[in-house]
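The values are calculated or read from the model by the stated rules, or taken from the named source; none is laboratory data. The model shown is predicted, which means the values in this text are computed figures rather than measured ones. Because the Cβ atoms are built from the backbone with ideal geometry, glycine has one as well, and the counts that use them run over all protein chains shown. Side chains included, ligands, DNA and RNA excluded: accessible areas come from the protein's heavy atoms. Shrake-Rupley method; radii C 1.70, N 1.55, O 1.52, S 1.80 Å.
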Amino acid sequence: MPLLGTNLSPTSQFPMYWFTVPAIMKGWMDRVLTLGFAFTHEKHYSQGIFKDKKAMLSFTTGSQESMFSANGINGDMNVTLWPLQNGILHYCGFQVLAPQIFWAPSHVSSEARGTMLEGWHTRMQGLLGENPLAFTPLDCFDGEKGYQLKPEVHEKHAAKEFGLTVGTHLGKALPPNNQMKAGV
């Protein structure tokens, strides 16, 4: 994964394969994001080693955006992205930026692909100023009780319409776009 400057760490353009990263990229993650280098038992999630670095996913899909919706055949893209963005990037402490998703570029016109690239070019100009996605901070979990959500945090969110995140949804509806857009 190439580095794009001092504040933005892993950023890679890849095709989504079988709802995840290609094998070569997963192999890179397994060899590089290791215990002691990318995380420790004490330094992970919001207190992780890379907490001052930003990371993001940039990928293409073979399916249309509608197919990755809550009612789509592939299911909600928020759920698909949770293991990658929370379980890998955020686990290592990265501030995860909203992903850049190019929906089914091989199935659209060359004009539409050009528009996608123009949008990406525009976004790149302000990328480092973007707000990261929101994840539930580590201190909201009780480490002595198996990292379960603290009762006071659960109570604070009891009356809210959506759960905290895709991974911690408290038996409620998934938060809309919380793995795809900052501030939701």
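Let me check I've understood the local charge: for TYR45, count other residues with C-beta under 12 angstrom from its C-beta, Lys and Arg +1, Asp and Glu -1. What total comes out?
Residues near TYR45 contribute 0 overall.
With label points built 7 Å along Cα→Cβ from the Cα atoms of ASP52 and THR40, find their separation and express it in nm.
So the label points at ASP52 and THR40 sit 1.6 nm apart.
In debye, nearest 20: dipole of the chain around its Cα centre with unit charges on the Cβ of K, R (+) and D, E (-)?
The dipole magnitude comes to about 200 debye.
With Cβ to Cβ distances under 10 Å as the rule, what net charge do the other residues near GLY93 carry (K, R +1; D, E -1)?
Summing Lys and Arg as +1 and Asp and Glu as -1 gives +2.
DSSP beta bridges in the chain, what fraction antiparallel, as a percent rounded to 5?
So the antiparallel bridges amount to about 25 percent of the total.
Can you give me the angle between helix 110-125 and the longest principal axis of the chain, using Cα atoms only, in degrees from 0 to 90, rounded to the nearest 10?
Rounded to the nearest ten degrees, it is 50.
What does the accessible area of ARG123 come to, in Å² to the nearest 10, when a probe of 1.4 Å is used?
Probe radius 1.4 Å; accessible area of ARG123 about 40 Å².
At a probe radius of 1.4 Å, what is the per-residue accessible area of ASP142, in Å² to the nearest 10?
For ASP142, the solvent-accessible surface is approximately 40 Å².
How about LYS26: which lysines have a C-alpha closer than 30 Å to its C-alpha, ignoring those fewer than 8 places off in the same chain?
Answer for LYS26, where 30 Å is the Cα cut-off: LYS43, LYS51, LYS53, LYS54, LYS181, listed by chain and number.
Within the accessible area of region 91-184, what % is carbon and sulfur when the probe is 1.4 Å and the other protein chains stay in place?
Taking all protein chains in place, region 91-184 shows 54 percent carbon and sulfur surface.
Multiplying the sequence separation of VAL32 and TYR17 by 0.36 nm and subtracting their Cα-Cα distance, what value in nm do you get?
3.3 nm
Given that just one value was derived from the coordinates, which of (i) 57, 48, 19; (ii) 54, 38, 31; (iii) 104, 45, 32 is Cα extents along the principal axes in Å?
(ii)
Keeping every protein chain present and rolling a 1.4 Å probe, give me the accessible area per residue for the chain in Å².
57 Å²
Below 8 Å between Cα atoms, with a sequence gap of 6+, how large is the relative contact order for the chain in percent?
Normalised by residue count, the contact order of the chain is 21 percent.
What does the charge count near MET116 come to, summing +1 for each Lys or Arg and -1 for each Asp or Glu among other residues with Cβ under 15 Å from its Cβ?
Net of charged neighbours comes to -1.
Please check the chain for the longest run free of GluC sites (Glu not before Pro) that are loop-located per DSSP (anything but H, G, I, E, B) and have at most 13 other Cβ atoms within 10 Å.
The longest uninterrupted stretch comes out as 43-160.
Treating only the Cβ of Lys, Arg, Asp and Glu as charged (+1, +1, -1, -1), what charge dipole size does region 81-155 show about its Cα centre? Round to the nearest 20 debye.
Dipole size: approximately 280 debye.
Would you work out which of VAL153, GLY119, THR168 lies farthest towards the positive end of the dipole of region 89-184? Charges go on Cβ: Lys and Arg +1, Asp and Glu -1.
So the residue furthest toward the plus end is GLY119.
Can you compute the modelled spin-label distance between SER63 and TYR147, with each label point 7 Å from Cα toward Cβ, in nm?
Placing both labels 7 Å beyond Cα along the Cβ direction yields 2.8 nm.
Quick one: accessible surface of TRP103, probe radius 1.4 Å, all protein chains present, in square angstrom to the nearest 10.
40 Å²
Sort LEU174, LEU133, LEU35 by heavy-atom solvent-accessible area, probe 1.4 angstrom, most to least.
The ranking, largest first, comes out as LEU35, LEU174, LEU133.
Could you name the aspartates and glutamates whose alpha carbon sits less than 20 Å from that of LYS156, not counting residues in the same chain fewer than 8 places away?
ASP139, ASP142
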